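Reviewing the structure listed below.
The values are calculated or read from the model by the stated rules, or taken from the named source; none is laboratory data. Computed from a predicted model, the values in this text were never measured in an experiment. Here Cβ is always computed from backbone atoms with ideal geometry, including for glycine, and neighbour counts include all displayed protein chains. For the accessible areas, the whole protein counts, side chains as well, though only heavy atoms, and no ligand, DNA or RNA atoms are used. Shrake-Rupley method; radii C 1.70, N 1.55, O 1.52, S 1.80 Å.
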Amino acid sequence: MTRTPVNVTVTGAAGQIGYALLFRIASGHLLGADVPVKLRLLEIPQGLKAAEGTAMELDDCAFPLLRGIDISDDPNVAFDGANVALLVGARPRTKGMERGDLLEANGGIFKPQGKAINDHAADDIKVLVVGNPANTNALIAQAAAPDVPRERFTAMTRLDHNRALSQLSKKTGAPVSEIRKLTIWGNHSATQYPDIFHAEVAGKNAAEAVNDQAWLADDFIPTVAKRGAAIIDARGASSAASAANAAIDHVHTWVNGTADGDWTSMGIPSDGSYGVPEGLISSFPVTTKDGKYEIVQGLEINEFSRTRIDASVKELSEERDAVRGLGLL
Ligand SMILES: NC(=O)c1ccc[n+]([C@@H]2O[C@H](COP(=O)([O-])OP(=O)(O)OC[C@H]3O[C@@H](n4cnc5c(N)ncnc54)[C@H](O)[C@@H]3O)[C@@H](O)[C@H]2O)c1
Ligand SMILES: O=C(O)C[C@H](O)C(=O)O
């Protein structure tokens, strides 16, 4: 049986993440090796020519799963019939900026895009916001799309999750494949909290396996939380291939499910779990199945974790208040 292609809209298609992302979507890494896709690329007018160039290269790969590419500078066209939307297009931060500094510059992009999703996307739309500040931009897009179920708007903290996996693997010597149940809590910012207290390394509790509180507090947590800035410092540009890889992982896991006995981290609308005020888009430990996610419940949160989760959630509340003040909510 021939499957109907899935419409995948990517904004900021001519940017550096776009360039690292589109070829992997077209080759089947986003949804699966048997799922045909149609790409709908959104750019601002100045980005259209470069997006056309990328589309030419996509054509030249002759990907068997790629069933078409449309390019537009009109969100109403680009989101028409979208099943999956990757909101990447936004200005990246440069040296010395915090992601929150982008609130005003990028916030204005996500309101009209949320409205276009509301009015034109397919009923099963799933949205991942990558453009920073990702959690609050997702909130802005969600608020502009009252007809779309709230839980379809998510923000990317999978890059932080992957960074934490890699750092823990280096510390313990265990391969990444043997690490499970790691959690990123809160905002995709320097206040985020990578939590290893429930994680397992080769079947053993990770915090006990590491047994080094100083490393946890002074090395692991700041290294993961400030990795974005360290990449900007080293590359002179913000992370691109690793961000694209995390976007692929986020959507693939959302659609295809988490492995038994494991979970992942996603920025999702809070239902009030773990004391995170309802409605904030915050990162939680989640399992996924049949295209739906659920927050992992019942984890004991120690005092060390509580303080850090609360600090990140406080920042999310402040960002929400700031965009409210700008009329974006
Ligand atoms: N959540 C994460 O983990 C994570 C990781 C890395 C980067 N980011 C963020 O992703 C965003 C994109 O990064 P990049 O390195 O690809 O930037 P980039 O500057 O290389 O590309 C951004 C692209 O978006 C386009 N664009 C701008 N406004 C647009 C609009 N209204 N509609 C459609 N396209 C628009 C630009 O023309 C440009 O081509 C930045 O905000 C960056 O901070 C997030
Ligand atoms: O840090 C940034 O500004 C880019 C991105 O959010 C990252 O984490 O690499």
Report task. Report P(r) for segment 90-244: all Cα-Cα distances, bin width 5 Å, range 0 to the bin holding the largest distance, values in whole percent. Result -> 2, 9, 17, 18, 16, 14, 12, 8, 4, 1, 0
Report summary line: In whole µm²/s, the translational diffusion coefficient that Stokes-Einstein assigns to segment 225-272, given a Kirkwood hydrodynamic radius over C-alpha pairs, 25 °C and 0.890 mPa s, equals 190
**Report entry** For the chain, share of DSSP beta bridges that run antiparallel, in % to the nearest 5
**Finding:** 45
Query - Using alpha-carbon coordinates, inclination of helix 48-61 to the longest axis of the chain, degrees - result: 90
Query raised in the report: In a Debye calculation with equal point scatterers on the alpha-carbon sites of the chain and no solvent, what is log10 I(q)/I(0) at q = 0.09, 0.12, 0.13 Å⁻¹?
Result: -0.44, -0.79, -0.94
Query raised in the report: Label points 7 Å out from Cα along the Cβ direction at residue 317 and residue 292: separation in nm?
Result: 3.0
**Report entry** Per-residue HN-Hα couplings for segment 130-145 [Karplus 6.51, -1.76, 1.60; θ = phi - 60°; Hz; x = Gly/Pro]
**Finding:** 10, x, 8, x, 4, 4, 6, 4, 5, 5, 5, 5, 4, 5, 8, 10
**Report entry** Assigned charges on the beta-carbon of Lys, Arg, Asp, Glu; the chain dipole about Cα centre (debye)
**Finding:** 360
Report summary line: Log10 I(q)/I(0) at q = 0.16, 0.23, 0.27 Å⁻¹ for segment 106-159, from Debye over equal alpha-carbon scatterers, is -0.38, -0.78, -1.04
Query raised in the report: Which value results for Rg/Rh of segment 274-329 when Rg is the Cα radius of gyration and Rh the Kirkwood radius based on the inverse mean 1/r?
Result: 1.05
Query raised in the report: Which one of 188, 250, 29 has the biggest mean-square fluctuation once the chain is modelled by GNM with Cα springs under 10 Å?
Result: 29
Requested in this report: Could you work out which residue, out of 195, 310, 218, moves most in a Gaussian network model of the chain, that is, has the largest mean-square fluctuation with Cα springs under 10 Å?
Outcome: 218
Query raised in the report: Taking a 1.4 Å probe, which of 299, 128, 326 shows the most accessible area, and what order do the others take after it?
Result: 326, 299, 128
Query raised in the report: Tilt of helix 303-325 relative to the longest C-alpha principal axis of the chain, in degrees (0 to 90, nearest 10)?
Result: 30
Requested in this report: Any chance you could give the angle, 0 to 90 degrees and rounded to 10, that helix 103-120 forms with the longest Cα principal axis of the chain?
Outcome: 60
Report task. For segment 150-267, with all protein chains present and a 1.4 Å probe, just round the carbon and sulfur fraction of the accessible area to a whole percent. Result -> 46
**Report entry** Gain on full stretching of the segment that runs from residue 259 to residue 202 - 0.36 nm per residue minus C-alpha separation
**Finding:** 19.0 nm
Query raised in the report: Under a 5 Å amide H to amide H cut-off, with H placed in plane at 1.01 Å, what residues pair with residue 266 once short-range neighbours are removed?
Result: 284, 286
Requested in this report: Alpha carbons only, please: Rg and Dmax for segment 190-329, in angstrom.
Outcome: 16.4, 49
Query raised in the report: Among 292, 314, 95, which one shows the biggest mean-square fluctuation in a GNM of the chain, springs joining Cα atoms closer than 10 Å?
Result: 95
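Equivalent ellipsoid semi-axes for segment 57-165, as square roots of 5 times the alpha carbon gyration tensor eigenvalues: give them largest first, rounded to whole Å.
Details: eigenvalues 110, 76, 42 Å².
Calculated on Cα positions only, the semi-axes equal 23, 19, 15 Å.
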**Report entry** Candidate residues 227, 320, 93: accessible-area rank, largest first, probe 1.4 Å
**Finding:** 227, 320, 93
**Report entry** Per-q log10 I(q)/I(0), segment 142-199, q = 0.13 Å⁻¹ (Debye; single scatterer per alpha-carbon; no solvent)
**Finding:** -0.44
Query raised in the report: Using the Karplus equation 6.51 cos²θ - 1.76 cosθ + 1.60 (θ = phi - 60°), what ³J(HN,Hα) coupling, rounded to whole Hz, does each residue of segment 241-253 give in order, writing x for Gly and Pro?
Result: 5, 6, 5, 4, 4, 5, 5, 4, 4, 4, 5, 4, 5
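Past the 26 Å Cα-Cα mark, which pairs from 49/95; 171/226; 181/292; 38/181?
Result: 49/95; 38/181 exceed 26 Å.
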Query - Mean ellipticity per residue at 222 nm, deg cm²/dmol - from DSSP H runs of n ≥ 4 across the chain, formula -39500 (n - 2.57) - result: -12000 deg cm²/dmol
Query raised in the report: Tally Lys and Arg at +1 and Asp and Glu at -1 over the other residues with C-beta under 13 Å from the C-beta of residue 3: what net charge comes out?
Result: +1
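Rounded to the nearest percent, how much of the accessible area of segment 52-125 (1.4 Å probe, protein heavy atoms only) is carbon and sulfur?
Carbon plus sulfur share of accessible area: 48 percent.
When ligands, DNA and RNA are left out and all protein chains stay put, how many square angstrom of accessible area per residue does segment 63-218 have with a 1.4 Å probe?
Values: 6100 Å² over 156 residues.
Using a 1.4 Å probe on heavy atoms only, each residue of segment 63-218 averages 39 Å².
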Query raised in the report: Percent relative contact order of the chain, based on C-alpha pairs within less than 8 angstrom and at least six residues apart?
Result: 17
Report summary line: Rg (one decimal) and Dmax (whole number) from the Cα set of segment 163-251, in Å, equal 13.3, 39
